[in-house]
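Reviewing the structure listed below.
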């Protein structure tokens, strides 16, 4: 506007120069960020891998890969795209991968090749060593095979596909897939066929998710105030322009404005522009840039703060985004996960209960004696320890350890590793895993089991099972999971015997230990064959659409539940998860600062209660009036319990804690009870929510945000915490 003749009351460059300077600074900052991203992309796209061409493997760049290419990846390398495993140097085409870039888990996971392609692609030399059969990739052999799979999607743990060889179809499961971003470990080489590349890989599909834009309160307030100032500027300019026209019309006698009168009355809009230029300093055009620079410098201070450096793990503080720095000083509610956040996530097998008797470090040797002397109940003890050594997805990594241990156990969760180490400590050592077998050392005797099926754990099932065939040709299912889930699946005799185990579970939970129940049963061969045929058909069901996928998942869940019935109870385990260093002191300081803390955990109520006492969320576990537990099974009883809690809160307004289980929490988050629940919870010193699902965690964060309009901070370290973190302000 300043460049329009006869409009600007100031120089033509008085506003233009500072505006250009501000835009250049902002552009340089964005350019710097974009340049870093471009360099990172260029480095990844030009990484080298080996692809099969003309009877040999040649080096090529990642960006040149095409769907259908056959790729060889070597130990320590990242996978350049999503691959279907054809074979590897390991027996049965197994390989080990690290998926920390995908799900944050640093433990090794095993993947296996498609059985039919493993047979085609490998031969055995005179020494029994596996060798790659390069001729298998010639035309009219494996290169004539066709792979059918679902459309590119972001589901990391799901894949539905099949390979057609000589007009015969063979299923491809998620266990046969290697995802871009994962790294090959403990395997010399693996051969795979490219199925998704570039932006169609599952890693990139997840990266392209629409991210929720989080703005700080200061940024939102600044934007609103700038808009308000803009409105005020326009009003002032309109008033000034109208007054200018009126004054000019009533002062026509002045000789020095006579020449302008015709122009002024005809160009009201030009006068308005003049006043906008004159008053434009009312809008702080440099404010946004100033805030950006302050945040950038703050992030630099955070990254270099020695008081936030962890020497033990060599981990400095890292401000991944500078947009929310100022929010940290305005947090009113902290919602935190327990495992790995308040606790160390380093599990140790402490106790177990078998036949109603508790065993710990002092008398674990008694279990070995019971088996050796074949005392009463020895069969259950033997099955219990076999379950701990067999029912898992742990991978043993050979090592030369100073403490005498021959293996490092890589597990998908610390609980699983702790149980395997517990069995090892007692005398049942897990030695080897292949896709079809596990080998254990049972008190000096090597035992091999065929692994027929692994029914995985998830947050809905809350259990996992392994179906095995013993050396005596018996088919057995071993199941471990949450006590409430296992209890519903026990046979009538075990249900009658469950009371003593339940008492022991309460004792474990009171000590702040994490608990699991273990059970098993033998399956007749004909029953298993019938079930396996139906299970394999369910795996091959189409899953192209969401409805088809839901139907397939439901069918699989129904079949898994069907075979996990009429189980015989073996016992229960208790694992210790110690608190992080300085957690109680930190929580006490935060509470003195007026910050309310909510603990959201998937653990059972008793464990969560005792951990909350250990970390000083719960002030006095003995003073029953200072906390209230809601564990009702119906909506009406839940409403009544909240009224009772309100009465207790009136007596202890300063140090009251509300503890609530998953089922009543579901009632409390419904529209009928939400206002009552939130009104009560927001008055409490702290709130502990037990057995909560990832969706419930996010719902709680949303409820707190909308009920208080305060800044919320979510803290978590697992994939089940992502929904909660996305919902929170920080």
(message) Under 20 Å from a point placed 7 Å out from the Cα of residue 554 along the Cα-to-Cβ direction: which residues of region 438-472 have their backbone N that close?
(response) 458-462
(message) What is the ratio of the Cα radius of gyration of region 21-111 to 2.2 N^0.38 Å, with N the residue count, to two decimals?
(response) 1.51
(request) Compare the peptides 368-374, 504-510, 175-181 by average per-residue count of other Cβ atoms within 10 angstrom and give them in order, highest first. (result) 175-181, 504-510, 368-374
(message) Contact order normalised by length for region 337-442, with contacts defined as Cα pairs under 8 Å and 6 or more residues apart; what percent is it?
(response) 24
(request) Please list 553-565, 387-399 highest first by mean number of surrounding beta-carbon atoms within 10 Å per residue. (result) 387-399, 553-565
(request) Would you please report the Å³ per residue occupied by the convex hull of the alpha carbon atoms in region 325-474? (result) 196
(request) Between residue 61 and residue 682, take the C-beta separation as r, use R0 = 51 Å, and let me know the FRET efficiency to the nearest 0.05. (result) 0.35
(message) On a full-extension model of 0.36 nm per residue, what is the gain between residue 472 and residue 497, subtracting their alpha-carbon distance, rounded to one decimal in nm?
(response) 6.2 nm
(request) Provide 439, 194, 17, 420 in ascending order of the number of other Cβ atoms located within 10 Å of each residue's Cβ, fewest first. (result) 17, 439, 194, 420
(message) Only counting other Cβ atoms within 10 Å, I'd like 287, 203, 452 sorted with the fewest neighbours first.
(response) 287, 452, 203
(message) With a cut-off of 8 Å between alpha carbons and a minimum separation of six or more residues, what is the relative contact order of the chain in percent?
(response) 11
(request) Determine which residues of region 439-482 fall in the zone a paramagnetic label at residue 568 would reach in this model, i.e. backbone nitrogen under 17 Å from the point 7 Å along Cα→Cβ. (result) 466-480
(message) For the chain, take N as its residue count and report Rg(C-alpha) divided by 2.2 N^0.38 Å.
(response) 1.22
(message) If I take all pairs of Cα atoms in region 421-461, what percentage of them are more than 12 Å from each other?
(response) 64
(message) Per 0.36 nm of contour for each residue apart, how much would the distance between residue 134 and residue 38 grow if the chain were fully extended, relative to their Cα-Cα spacing?
(response) 30.8 nm
(request) May I have the extent of the alpha carbons of region 573-666 along their three principal axes, as whole Å values ordered from largest to smallest? (result) 41, 36, 23
(request) Could you check the simple spin-label distance between residue 227 and residue 488, using points 7 Å along Cα→Cβ, in nm with one decimal? (result) 4.8
(message) Suppose R0 equals 35 Å. What FRET efficiency, 1/(1 + (r/R0)^6) with r the Cβ-Cβ distance, do residue 318 and residue 235 give to the nearest 0.05?
(response) 0.15
(request) Please determine, in degrees from 0 to 90 and to the nearest 10, the orientation of helix 287-303 with respect to the longest principal axis defined by the Cα atoms of the chain, where the helix direction is its Cα long axis. (result) 30
(request) Quick one: divide the alpha-carbon radius of gyration of region 46-177 by 2.2 N^0.38 Å and tell me what you get. (result) 1.06
(request) Return an integer: the convex hull volume of the alpha-carbon atoms of region 580-727, in Å³ per residue. (result) 106
(message) How are the alpha carbon pair distances in region 580-623 distributed across 5 Å bins from zero to the largest one, expressed in percent?
(response) 5, 21, 31, 25, 15, 3
(message) I need the peptides 290-299, 708-717 ranked by packing, meaning the mean over residues of other C-beta atoms within 10 angstrom, with the highest value on top.
(response) 708-717, 290-299
(message) For the chain, what does the helix formula give at 222 nm: sum of -39500 (n - 2.57) over DSSP H segments with n ≥ 4, over the residue count, nearest 500 deg cm²/dmol?
(response) -12500 deg cm²/dmol
(message) Can you give the FRET efficiency to the nearest 0.05 for residue 16 and residue 717, using r as the Cβ-Cβ distance and R₀ = 41 Å?
(response) 0.20
(request) Find the relative contact order for region 510-618 and round it to a whole percent, using C-alpha pairs within less than 8 Å whose residues are 6+ positions apart. (result) 43
(request) Measure off 7 Å from each Cα along the Cα-to-Cβ vector at residue 310 and residue 220, then give the distance between these two points in nanometres to one decimal. (result) 3.1
(message) Rounded to whole Å, give me the distance from the Cα center of region 280-299 to that of region 343-400.
(response) 62
(request) Have a look at region 347-575 and give its Rg and Dmax from the Cα atoms, expressed in angstrom. (result) 17.8, 58
(request) Report the extension gain between residue 578 and residue 674 in nm, rounded to one decimal, defined as 0.36 nm multiplied by the number of residues separating them, less their alpha carbon distance. (result) 31.2 nm
(request) Please order 430, 57 by the number of other Cβ within 10 Å, starting at the fewest. (result) 57, 430
(request) Could you give me the radius of gyration and the Dmax of region 434-506, taking only the C-alpha atoms into account and expressing both in angstrom? (result) 15.0, 38
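Read-outs: derived from the displayed coordinates by stated rules, not from any lab. Nothing here was measured: the structure is a model prediction, and the numbers come from that model. As a convention, Cβ positions derive from the backbone with ideal geometry for all residues, glycine included, and neighbour counts pool all protein chains shown.
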